[in-house]
Amino acid sequence: MARISSSVYTSHVPAVGAALDLGKTAEAYWQPVFKGYDFSKQWEKEQKPDVIFLVFNDHATAFSLDLIPTFAIGTAAEFQPADEGWGPRPVPKVIGHPKLAAHIAQSVIQDDFDLTIVNKMDVDHGLTVPLSLMFGQPQAWPCPVIPFAVNVVQYPPPSGRRCFMLGQAVRKAIESYDEPLNVQIWGTGGMSHQLQGPRAGLINKEWDTAFLDRLIDDPEGLSKMPHLEYVREAGSEGIELVMWLIARGAMSDLRGGKKPTVRHRFYHVPASNTAVGHLILENN
Amino acid sequence: MSLDKPYTDIPGTTIFDADKSREGYHLNQFCMSLMKAENRARFKANERAYLDEWPMSEEQKQAVMARDLNRCIALGGNIYFLAKIGATDGKSFQQMAGSMTGMTEDQYRDMMVKGGRSIEGNRKTGEKK
């Protein structure tokens, strides 16, 4: 049977992708950001995941205001890196896993989560920047990826609670898949940042630190945090952090297993407008 | 019953909710059209003519031409959509975000390098700093 071996959490700042693509990673400004992922790249080489279930949000790229799905699962064979206005990122195309994706969709929908199924979708920095941070700049990504898009553009996004419950349904779905696949689940976005209005540039390190602590030790309690607190304390775009609760909800301690091991934890301010947070949790 | 909006007391922040989305629908869809290179070229060649192809309000069109992002947001624009105008102009996200704060580009960048804007005094309108 397939199993979730670990969960990965990371910000997906577009400027990080640009710094990589333009060869600026050695610059003093960017060095500390990329250094935080040295361990992670090595760790991924040892882990050799078969599939990544990657939770991210589209930033007015694949979805305009014509269509705003709250939860959308990518079931296509492949996904092209999108042109977000600066030209597509020079990264490999993303290979999907249509069979596992369809299996998850069927299972999760029957568990009362009404997903939108997407067979054609370009993927933006929300998905490709985490891949770059965890795998560097390979010719091809090392494994298939199932993109899972969450609406955080138009308020309200799904509640933290809903995301947390969904993660549990996704775990159940993956564990009922017949092939013995090593699956990782990633939650991306955040941490505190605000990109709009006179309050732009907001960073709340204390709040971010507490969020990371609670994500590790008290995910159940954290999942009850209302939207308003994210927006007020972590900025209008900090609300992306609800997506981390999908990945956390998929860990096995939530169905009676042991607590996950914290393999890596990293935090740095700033990357452009944003606080970068990163965590790796391994199931036991 | 009207929508519950507990987030209107956050200073310097506009939450892009269903009402804003309705108000800004054409403004945001115009921004979306700039993801195509040929549309970017047509817009740059004659901004007014290009904007007139969209059923946007005159105020929205003026705000776009003035690159007044705060005004665009007040009129229903969303930052991820408005970013397409910035991309067309060759601006980074940091330049765009900074332009809404009343700070110069250097001041804004320096603030971020020093740890960003503090939350203290920025949680609620009228709160003491």
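The values are calculated or read from the model by the stated rules, or taken from the named source; none is laboratory data. It should be emphasised that the depicted structure is a prediction, and the values quoted were computed from it without experimental measurement. Positions of Cβ are generated from backbone atoms using ideal geometry, with glycine treated the same way; all protein chains shown enter the neighbour counts.
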2 or more residues of a type in the set (Gly, Ala, Ser): qualifying helices (runs of 4 or more DSSP H) within the range A:1-112: A:14-21, A:98-110
Matching residues, the range A:213-266, being in contact with a helix residue (DSSP H, G or I) (Cβ under 9 Å, 6 or more places away or on another chain), surrounded by fewer than 21 Cβ atoms within 10 Å (Cβ to Cβ) and among the small types (Gly, Ala, Ser): A:Gly221, A:Ser252
Some residue of the range B:107-128 being under 17 Å from A:Gln196 (Cα atoms), free of Cβ contacts under 8 Å to residues at least 24 places away in the same chain and in contact with a His (Cβ under 9 Å, 6 or more places away or on another chain): yes
Per-region count, the range A:18-72, residues within 11 Å of chain B (Cβ to nearest Cβ) and of a type in the set (Val, Ile, Thr): 2
Test result for A:Pro142, away from chain B (no Cβ under 14 Å), closer than 25 Å to A:Glu84 by Cα and touching a residue at least 24 places away in the same chain (Cβ under 8 Å): yes
Only one of A:Arg161, A:Arg199 that is without any contact (Cβ under 8 Å) to a residue 40 or more places away in the chain and either farther than 27 Å from A:Leu67 by Cβ or under 19 Å from the mean Cα position of the chain (by Cα) (or both): A:Arg199
Scope the range A:261-275; condition farther than 15 Å from A:Gln31 by Cα and more than 18 Å from the chain's Cα centre (by Cα); matching residues: A:Thr261, A:Asn273
Every pair of residues 6+ apart whose Cβ atoms lie under 6 Å, when the first sits in the range A:211-234 and is assigned to a helix (DSSP H, G or I) while the second is of a type in the set (S, T, N, Q): A:Glu233/A:Asn204; A:Ala234/A:Ser192; A:Ala234/A:Asn204
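For every residue, the table says whether it meets (1) facing chain B (nearest Cβ under 10 Å); (2) touching a Pro at 6+ places or on another chain (Cβ under 6 Å); (3) at pLDDT below 95; (4) within 26 Å of A:Gln168 (Cβ to Cβ).
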{"position": "A:Gln184", "(1), (2), (3), (4)": "no, yes, no, yes"}
{"position": "A:Gly197", "(1), (2), (3), (4)": "yes, no, no, no"}
{"position": "A:Asp213", "(1), (2), (3), (4)": "no, no, no, yes"}
{"position": "A:Ser223", "(1), (2), (3), (4)": "no, no, no, yes"}
{"position": "A:Leu228", "(1), (2), (3), (4)": "yes, yes, no, yes"}
Pairs, first within 11 Å of chain B (Cβ to nearest Cβ) in the range A:235-246, second β-branched (Val, Ile, Thr), C-beta under 7 Å, six or more apart: A:Ser236/B:Thr13; A:Ser236/B:Ile15; A:Ile239/A:Val152; A:Ile239/A:Val231
Residues that are among the aliphatic types (A, V, I, L, M) and modelled with pLDDT under 95, drawn from the range B:84-112: B:Ala87, B:Met96, B:Ala97
Candidate set from the range A:176-196 (those that are assigned to a strand (DSSP E or B) and among the polar types (S, T, N, Q)); member that is surrounded by the most Cβ atoms within 10 Å (Cβ to Cβ): A:Thr188
Any hit, the range A:30-47, residues being of a type outside the set (S, T, N, Q) and under 27 Å from A:Pro156 (Cα atoms): no
The listed residue being closer than 27 Å to A:Arg3 by Cβ and touching a Ser or Thr at 6+ places or on another chain (Cβ under 9 Å), out of A:Ser223, A:Ser252, A:Ser272: A:Ser223
Subset of the range B:13-31 that is surrounded by 20 or more Cβ atoms within 10 Å (Cβ to Cβ) and within 9 Å of chain A (Cβ to nearest Cβ) - its residue that is nearest to A:Ala200 (Cα to Cα): B:Thr13
